[in-house]
């Protein structure tokens, strides 16, 4: 019988260690690698095409003009718009996260202590800023390569840059800073693909357990923790189950465009909405591989799952932190339509580099997968081999409200 090989997972994650932004050549390269791996495991993958808005940052610059003159390291925020080629020039005003007390009249470059939530963003847009500077949350963090949710642009937009904490602090302390902000980016509709395979159940083939992970990254980032390791883990499980006889169908899905607002999983759910009644549970694998760390499970599903996983972790002697909540990952697209989800992830200091070029695989290791292995295998065995599916197919009302708030926060309801 095929055995789970943690070294193989790590090696595959390292092979995927390159930028895989949705709609890019890197994403296509990753998809080819995934398809090759699945074929080598005996599957014939299905590629499910969908279209999503994507972008490319061509130029991002910030130059302080007074009281000193210097270029400031920065990265552009996708979908936030562009300046003229010559940039925009203005005094910089600090507005925290969009507090009414601090918002000036229109035309300033505004400095934010962090990316605001939707309500704060709405307030900021009413002041018609010339541009936005968003500080990183820590002096120890690199620059975040992220995008604005396109739905937010219903409320207005301004070209936005991320800058380091220390640079934001210097600008704040100096006061009276004048700067020139330049951001040039292009947007277009790109074709992306979800990759799907399954091992059909011999006894209850119409009852389906989904195991999924996203294979894309934010732009310009290797994305080893987020989520080459999760992708490699899903591929190893697919290899393992390819040689097993299972009672229920187990379906493996590798999603693209998660980093652009769960686009791949939302496309899948929409395409298969008439068949989702057969999906009993989704196991989502996102943020994995940190060698020094611990295991987490976030349950967006029936109340019985949390105590079961707590007992299971004690039985196996593996530390697992379990809570009931909603997370910003592909499983939530299923939970939105009533399919319960368990999100397995790995807490680690290595995750501090997520969404930055620091997510480069320096701190991943075999132990991360050895630690998670017994939990995943025992849980998946329960889900696929029990005569009666062990948990109700439900998402509690309290979690449904959180899911609604999550999608509202993304601004996705504004896009139709």
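Results for (1) out of contact with any helix residue (DSSP H, G or I) (no Cβ under 7 Å at 6 or more places or on another chain); (2) free of Cβ contacts under 8 Å to residues at least 24 places away in the same chain; (3) under 28 Å from residue 50 (Cα atoms), shown as yes or no for each residue.
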| site | (1), (2), (3) |
| --- | --- |
| 145 | yes, no, yes |
| 154 | no, no, yes |
| 162 | yes, no, no |
| 165 | yes, no, no |
| 175 | yes, yes, no |
| 187 | yes, no, yes |
| 199 | no, no, yes |
| 203 | yes, no, no |
| 213 | no, no, yes |
| message | Would you confirm whether or not the range 176-195 contains a residue that is in the same structural domain as residue 84 (by TED's automatic domain parsing), modelled with pLDDT under 95, surrounded by fewer than 21 Cβ atoms within 10 Å (Cβ to Cβ) and within 27 Å of residue 69 (Cβ to Cβ)? | response | yes
| field | Residues of the range 34-53 that turn out to be in a helix (DSSP H, G or I) and buried (at least 17 other Cβ atoms within 10 Å of the Cβ), as a count | value | 4
| Does residue 327 fit the bill of being in a loop (DSSP other than H, G, I, E, B), under 25 Å from residue 50 (Cα atoms), under 16 Å from the mean Cα position of the chain (by Cα) and assigned by TED's automatic domain parsing to the domain that holds residue 405? | yes
| request: Exactly one condition in (1) crowded, with 18+ Cβ neighbours inside 10 Å; (2) within 24 Å of the chain's Cα centre (by Cα); (3) not in a loop (DSSP other than H, G, I, E, B) is not met by residue 395; state its number. | output: (3)
| message | Being assigned by TED's automatic domain parsing to the domain that holds residue 269, outside any strand (DSSP E or B) and out of contact with any strand residue (DSSP E or B) (no Cβ under 9 Å at 6 or more places or on another chain) is the requirement here; does residue 339 meet it? | response | no
| note | residue 222 passes all but one of the listed conditions (1) out of contact with any strand residue (DSSP E or B) (no Cβ under 9 Å at 6 or more places or on another chain); (2) surrounded by fewer than 19 Cβ atoms within 10 Å (Cβ to Cβ); the exception is number (2)
| task | Working carefully through the options 107, 151, 142, 156, find the one that is surrounded by fewer than 18 Cβ atoms within 10 Å (Cβ to Cβ) and under 28 Å from residue 258 (Cβ atoms). | result | 156
| message | Among the residues of the range 197-219, what is the count of those that are assigned to a strand (DSSP E or B) and more than 19 Å from the chain's Cα centre (by Cα)? | response | 9
| Scanning the range 254-274 for residues that are free of Cβ contacts under 8 Å to residues at least 60 places away in the same chain and within 24 Å of residue 327 (Cβ to Cβ), which turns out surrounded by the fewest Cβ atoms within 10 Å (Cβ to Cβ)? | 270
| said: Being in contact with a strand residue (DSSP E or B) (Cβ under 9 Å, 6 or more places away or on another chain) and within 22 Å of residue 9 (Cβ to Cβ) is the requirement here; does residue 325 meet it? | reply: no
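Residues are listed down the side, and each one gets a yes or a no for (1) closer than 14 Å to residue 210 by Cα; (2) touching a helix residue (DSSP H, G or I) at 6+ places or on another chain (Cβ under 8 Å); (3) free of Cβ contacts under 8 Å to residues at least 60 places away in the same chain:
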position: 280; (1), (2), (3): yes, yes, no
position: 299; (1), (2), (3): no, yes, yes
position: 321; (1), (2), (3): no, no, yes
position: 326; (1), (2), (3): no, yes, no
| Out of the range 68-103, which residues are in contact with a strand residue (DSSP E or B) (Cβ under 8 Å, 6 or more places away or on another chain), in a loop (DSSP other than H, G, I, E, B) and surrounded by fewer than 13 Cβ atoms within 10 Å (Cβ to Cβ)? | 69, 85, 86
| message | Looking only at the range 259-301, how many residues end up being outside any helix (DSSP H, G or I) and touching a strand residue (DSSP E or B) at 6+ places or on another chain (Cβ under 9 Å)? | response | 27
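The values are calculated or read from the model by the stated rules, or taken from the named source; none is laboratory data. What you see is a predicted model, and the numbers here were worked out from it, not measured in a lab. Here the Cβ is made from the backbone with ideal geometry for all residues, glycine too, and neighbour counts use every protein chain on show.
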